[in-house]
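Report on the following structure.
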Amino acid sequence: MPMDVYDLLGNVNSADPPTKYLTNGCWIYLVPQFKPESVLILGFAGGTVAGLIRLLYGNVPITAVAIEPCEPKYYVNFVQADAKEFVKTCGKYDVVIVDLYPNDSPNICDFVLTNEFVENLRRIANYIILNTTNNPDLSAYRSLKSYGMNKPNKLGNKIYYYATKEIPNLFVR
């Protein structure tokens with residue numbers, strides 16, 4: 001049965017079906033701008049981003065990590081784990097989506113802004129999509145190549161795009 005997932009502050013964390021709030025949510029901005037070979041989603045919630053990736057790109061391997069139990073929708077390989085620990089030992093992914101928010105806070109998890117976490121992302125990802133709010137200190141990400149930022153809604157979400165290797169330019173022939 002379709003159902004939205006809310007955090008403790010009353011904000012919608014996930015929408016079901018995933019296309020329900022394309023213009024009001026940030027989820028479409030968390031979808032890679034190219035067809036990835038594999039995806040790791042850190043912070044699965046209700047799976048809205050995984051659903052959108054499936055709609056746009058079909059059968060791309062998706063691994064989803066969350067500290068809380070989640071329904072593994074959209075044919076994801078769900079891993080119940082602490083994302084901070086998971087990235088220390090996991091394999092490589094073409095795209096890593098970082099969408100890590102505690103249920104009682106509008107701010108991303110503190111460890112997402114540490115050099116150690118970013119170095120782990122560098123080791124495992126070709127492309128990184130980071131969902132943030134409230135203008136966090138992103139200095140740990142300065143060593144990565146920035147591909148821009150989107151500000152999709154009034155809630156203050158800012159989505160940043162980084163790469164650890166060159167991403168093909170769609171406009172160059």
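The values are calculated or read from the model by the stated rules, or taken from the named source; none is laboratory data. Every value quoted in this text rests on a predicted model; they were computed, and no experiment measured them. These area figures cover heavy atoms from the full protein model, side chains too; ligands, DNA and RNA do not enter into them. Shrake-Rupley method; radii C 1.70, N 1.55, O 1.52, S 1.80 Å.
With a probe of 1.4 Å, find how much accessible area the range 56-143 has per residue, and write the answer as a whole number in Å².
Value returned for the range 56-143: 50 Å² of accessible area per residue.
Going down the table (Lys35/Lys73; Lys73/Lys154; Lys88/Lys165; Lys35/Lys92; Lys92/Lys151; Lys92/Lys165), which pairs top 22 Å between alpha carbons?
Table pairs above 22 Å Cα-Cα are Lys73/Lys154; Lys92/Lys151.
Label the range 39-98 by shape, choosing from rounded, prolate and oblate, from the square roots a ≥ b ≥ c of the eigenvalues of the Cα gyration tensor; if a/c is under 1.5 it is rounded, and otherwise prolate applies when a/b is larger than b/c, oblate when it is not.
Oblate, because a/c is 1.5 or more while a/b does not exceed b/c.
Rounded, prolate or oblate: which one fits the range 102-173, using the alpha carbon gyration tensor with axes a ≥ b ≥ c (rounded when a/c is under 1.5, else prolate when a/b beats b/c, else oblate)?
Because a/c hits 1.5 or more and a/b fails to exceed b/c, the range 102-173 counts as oblate.
Using the Cα gyration tensor of the range 57-167, with a ≥ b ≥ c the square roots of its eigenvalues, what is the shape: rounded (a/c below 1.5), prolate (a/b larger than b/c) or oblate (neither)?
rounded
Leaving out ligands, DNA and RNA, what percent of the accessible area of the range 54-171 is carbon and sulfur, probe 1.4 Å?
Ligands and nucleic acids excluded, carbon and sulfur reach 52 percent.
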